[in-house]
Amino acid sequence: MPDMLSPEHLAVLLAQAGISLPPAEVEDLRQAHAKVLAMAALLREPAVPLAAEPAFTFATGEEA
């Protein structure tokens with residue numbers, strides 16, 4: 001999993017965005033950030049073309 005933001009770095013980012021949060025929420029956000037980065041890394045890059053979608057490869061009797 002990617003490294004978490006340091007508390008100082010997150011404080012700077014929140015201040016730049018004009019966001020004021022209680023300390024408990026800041027810590028929750030800091031922990032969630034690393035998890036979101038890990039999930040984003042799992043996304044396929046580049047995405048498969050739309051034609052590769054199985055729904056487009058099969059035709060019913062009506063379309064054939």
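Every number here is computed from the coordinates shown, using simple stated rules; none is lab data. Remember, it's a predicted structure, so these values are computed and weren't measured experimentally. Using ideal geometry, Cβ is built from the backbone for each residue, glycine included, and neighbour counts are taken over all protein chains shown.
Working from label points 7 Å from Cα in the Cα-to-Cβ sense, the Val36 to His9 distance is 1.5 nm. Each residue of the stretch 19-32 was assigned a 3J(HN,Hα) from its phi angle through the Karplus expression (A = 6.51, B = -1.76, C = 1.60, θ = phi - 60°), giving 9, 10, 10, x, x, 5, 6, 4, 5, 4, 5, 4, 6, 5 Hz with x at Gly and Pro. Residue exposure proxy: Met39, Met4, ordered by other Cβ atoms within 10 angstrom of their Cβ from fewest to most, comes out as Met39, Met4. In plain terms, the residue of His33, His9 with the fewest other Cβ atoms within 10 Å comes first and the most crowded comes last, giving His9, His33. First select every other residue whose beta carbon is under 14 angstrom from the beta carbon of Asp3; then total the charges, Lys and Arg +1, Asp and Glu -1. Result for the neighbourhood of Asp3: +1. His33 sits among other residues whose Cβ lies under 12 Å from its own Cβ, and their net charge, with Lys and Arg +1 and Asp and Glu -1, is -1.
Under a Cβ-Cβ cut-off of 14 Å, what is the net charge of the residues other than Leu14 that fall near it, where Lys and Arg count +1 and Asp and Glu count -1? Around Leu14, the charge tally is -3. Please give the FRET efficiency for Val26 paired with Leu50, using the beta carbon to beta carbon distance and R0 = 30 Å, rounded to the nearest 0.05. Given R0 = 30 Å and the Cβ-Cβ separation, E is 0.15.
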